[in-house]
Amino acid sequence: MMEGVSFVVPVHNGARCIRETLDAIRAQDDGRPMEIIVVDDHSDDGSSEMLKALAEQRALKIVVAEERGAAAATNAGIRAARFPIICQVDQDVVVGPGWMRLLVSELEDPTVGAAQGYFASDRDATLCARAMGLDLEQRYAAIDGRETSHVCTGNAAYRAEGLRRIGLLDEAFGYGYDNDISYRLRAAGYRLTFCRSARSVHRWREGLAGYLVQQYGFGYGRLDIVAKHPRRVTGDSVSPAGMMAHPLLMMAAVGGLAGALVMAIVGGPWRLVASGALALIAVLAVERLAAGIAACRRFRDPAALLFPILHLGRDLAWVAAIAMWSARRLFGRPSKPSHSMRARTRTGIIVGHEIARPARPQRILGLIPAHNEAANLAAVVAELRERRPDLDILVVDDGSTDATPELMDRLDVRWLRFPERLGIGSAMRAGLRYATRLRYDVVVRMDGDGQHRANEIGALLVPIQEGRADVVLGSRYAGSNVERARIIRIAERVLAACLSALTGRRVTDPTSGFCVMGPRAVRVLAEHHPTGYPEPELRLFLSRNALSVVEVPVRERSRLSGKTSLTPRRVTAAGARVALALIIVPLRGRVGVPAGD
């Protein structure tokens, strides 16, 4: 009979990925005894409720941890495990077909205490996330043979007897507990192996800010490791000596620049010191560029060319970690797991809307901001009523000077009217406030010019109803290519690239006005929807406040009649505002996002 396997998955704020992770684990079933243990470490993003709902649908054992960090949560799962093999998978890791079978076969050798799988890059991820994956794959390529000195938890199989023999994971660590347990297993006489064919995908933190925060934690955890295992100052198989030297050289360069600044203030020979420091940074950048070019050629992915930027940023994050760690040591403050491993920010939908479906049908409001759309509005309303009779309709007249005000009474719709034009963003905010006061659950925005098709609303509602998004945007470019004026398409692509870089999510249509907003988004945007020309700024705002966004392909349609109200002057002003938003919005503080109904 095949040996049984216990999967242990620690979860803290994992609503964004955990369903996909658990589905991939269930697909590993090859007939052997198997259990899935999920350790809920006091999530506040709805993960707890999601796990309870999933446990009703499938064999899933939930262990509640004491909120003492990832190592403690993992230990709680190991203690609850029944079988002799522990497969530990992180909440943001999706294991591939045959992953369990391949790693378990490594443990058939009684001298092997743990076996690690191969983190493959997700080619559909953003540039930053892909670059992180490629960096790891580049380091994997340098590992000679199957033996390794470091097995990364989250993508590994362990011999339960070995873990218990060495006292499980050291709960004093945040980042670094996987290095520590690898070193202790080897010291206890076990071998560690690396199985390249056992593939998995890691959903890396996306965006530069998330990357730097995580790298600060890695650097801080590495110092805790070196304090406990001084011989590991030169790294291990996965984090080699060259990687360990980088932050030390960067620290020397930063110290040199600081010294040059002091010399300049007191009138000393600062130029030579500054030149030396800048030359050292240039050498580090060139070395990373060479590594990026090599990775680009090896893996055929240009994201590797970001290595110089990302890795110099990583070096600076590690320098900050060294400074903070040293200061705490100097003042006698004990190290805590939270010093290095901070929880992910909430990125999912609250499960009140995600899993536990409301007892009553959701109330949906169709919101149409309109300015001088008398020629089109009747046809838009008629199509919406024909295709979606379940929607109530609200038209917000944004200071129209044509016959729009007189038309609204004849259309028998609910309406709000501005005495003068304030812009689409202000019209949206007014409509969303109306929706919150009348307790609508979902709001569908459609333009009054007829460009949006009412029969596509259903596709946009699906991610909201399934709990996969706070906001769903209809993208004219997420599916097939669309013919547009070349200069307009170039401008949109540039804007989409900027938004993708700043949000850490792929943006294909930065100016789409066709969208559906779920309950949380309705409540937040009723008070904070960007004014003026809002679509690009809205994408930044949603990302900054951890409201999840999904794009759904839609078909483009021309205005039914008339000309756009966007004059060259208004387009120029909108462009200036967007450029300013690209700088300011990512730096703003977060607003209070409601946790649920």
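Side notes on the structure shown:
- Within segment 389-408, residues that are more than 16 Å from Ala427 (Cα to Cα) and modelled with pLDDT of 90 or more reach partners that are surrounded by 14 or more Cβ atoms within 10 Å (Cβ to Cβ) and of a type in the set (Phe, Trp, Tyr) with beta carbons closer than 9 Å, at six or more positions or on different chains, in the pairs Asp392/Tyr440.
- Looking across segment 149-185 at every residue that is of a type in the set (Ser, Thr, Tyr) and within 26 Å of the chain's Cα centre (by Cα), the one that is nearest to Asp109 (Cα to Cα) is identified as Thr153.
- Which listed residue is modelled with pLDDT of 90 or more, under 33 Å from the mean Cα position of the chain (by Cα) and either under 24 Å from Ala141 (Cβ atoms) or not basic (Lys, Arg) (or both), from Ser237, Ser200: Ser200
- Answer residue from segment 528-541, given it is crowded, with 17+ Cβ neighbours inside 10 Å and farther than 16 Å from Leu495 by Cα and is modelled with the lowest pLDDT among those: Pro530
- With respect to (1) in contact with a Lys or Arg (Cβ under 9 Å, 6 or more places away or on another chain); (2) over 30 Å from Leu499 (Cα atoms), the lone exception for Val213 is condition (2).
- Residue within segment 124-132 that is surrounded by fewer than 17 Cβ atoms within 10 Å (Cβ to Cβ), closer than 20 Å to Ala295 by Cα and not assigned by TED's automatic domain parsing to the domain that holds Val507 present: yes
- Wholly within segment 235-334, helices (runs of 4 or more DSSP H) carrying at least 3 residues that are free of Cβ contacts under 8 Å to residues at least 40 places away in the same chain and farther than 18 Å from Ile225 by Cα: 241-266, 270-299
- Number of positions in segment 519-561 that are within 24 Å of the chain's Cα centre (by Cα) and of a type in the set (Asp, Glu): 3
- Condition check for Asp449: under 19 Å from Asp509 (Cα atoms), at pLDDT 85 or above, over 30 Å from the mean Cα position of the chain (by Cα) and buried (at least 24 other Cβ atoms within 10 Å of the Cβ): yes
- So Ala427, is it part of a helix (DSSP H, G or I), among the hydrophobic types (A, V, I, L, M, F, W, C) and farther than 19 Å from Asp390 by Cα: yes
- Here Glu20 fits the description: of a type outside the set (S, T, N, Q), over 22 Å from Asp178 (Cα atoms) and in contact with a strand residue (DSSP E or B) (Cβ under 6 Å, 6 or more places away or on another chain).
- Segment 452-469, subset β-branched (Val, Ile, Thr) and surrounded by 20 or more Cβ atoms within 10 Å (Cβ to Cβ), residue farthest from Arg19 (Cα to Cα): Ile457
- Residue in segment 546-553 that is under 19 Å from Gly467 (Cβ atoms) and at pLDDT below 85 present: yes
- Arg58 vs. criteria surrounded by fewer than 17 Cβ atoms within 10 Å (Cβ to Cβ), closer than 20 Å to Ile166 by Cα, basic (Lys, Arg) and touching a residue at least 24 places away in the same chain (Cβ under 8 Å): no
- Enumeration of residues in segment 152-172 that are closer than 21 Å to Asp92 by Cα and in contact with an Asp or Glu (Cβ under 6 Å, 6 or more places away or on another chain): Cys152, Thr153, Gly154
- Of all residues in segment 250-270, those satisfying the criterion of being buried (at least 16 other Cβ atoms within 10 Å of the Cβ) and among the hydrophobic types (A, V, I, L, M, F, W, C) are Met250, Met251, Ala253, Val254, Leu257, Ala260, Met263, Trp270.
Let's see how each residue does on (1) in contact with a His (Cβ under 7 Å, 6 or more places away or on another chain); (2) among the charged types (D, E, K, R); (3) buried (at least 21 other Cβ atoms within 10 Å of the Cβ); (4) at pLDDT below 95:
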residue: Ala71; (1), (2), (3), (4): no, no, yes, yes
residue: Arg82; (1), (2), (3), (4): no, yes, no, yes
residue: Asp92; (1), (2), (3), (4): yes, yes, no, yes
residue: Val95; (1), (2), (3), (4): no, no, yes, yes
residue: Pro110; (1), (2), (3), (4): no, no, no, yes
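- The one condition from (1) part of a loop (DSSP other than H, G, I, E, B); (2) surrounded by fewer than 18 Cβ atoms within 10 Å (Cβ to Cβ) that Ser197 does not meet is (1).
- Qualifying helices (runs of 4 or more DSSP H) (wholly inside segment 1-107; at least 1 residues being among the small types (Gly, Ala, Ser) and over 28 Å from the mean Cα position of the chain (by Cα)): 70-80, 99-106
The values are calculated or read from the model by the stated rules, or taken from the named source; none is laboratory data. As the structure is a computational prediction, the values presented were derived from the model and not from experiment. In this analysis, Cβ positions are derived from the backbone assuming ideal geometry, glycine residues included, and neighbour counts consider all displayed protein chains.
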